[in-house]
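For reference, the structure discussed in these notes is given below.
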């Protein structure tokens, strides 16, 4: 049995296409994006919300994928930060030891 999407469907854009209907996620309004971005300014709340949004199966796929991408960027940025601090720390210790 085929599982149905919880999102409404929409005909493909091409007037000549008679293929299957494409499921469409509901549009996230400008106000919802503004609230989401304002919540990202609150320390710790931002990380918790990103994890909840990225892992939720009932969340809008647009926000879910955005949250996942944000978590990836945060992880890469944190890794680069620690790598740079270790590099500069080693360089400073090396100069201090001379």
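Odds and ends about this structure:
- Counting the residues of the stretch 35-64 that are in a loop (DSSP other than H, G, I, E, B), in contact with a helix residue (DSSP H, G or I) (Cβ under 7 Å, 6 or more places away or on another chain) and more than 16 Å from residue 78 (Cβ to Cβ) gives 2.
- Residue match in the stretch 2-15 (condition: assigned to a helix (DSSP H, G or I) and at pLDDT below 95): no
The values are calculated or read from the model by the stated rules, or taken from the named source; none is laboratory data. Fair warning: this is a prediction, and the values are worked out from it, not measured in the lab. When we count neighbours, we look across all protein chains shown, and the Cβ atoms used for this are built from the backbone with ideal geometry, even at glycine.
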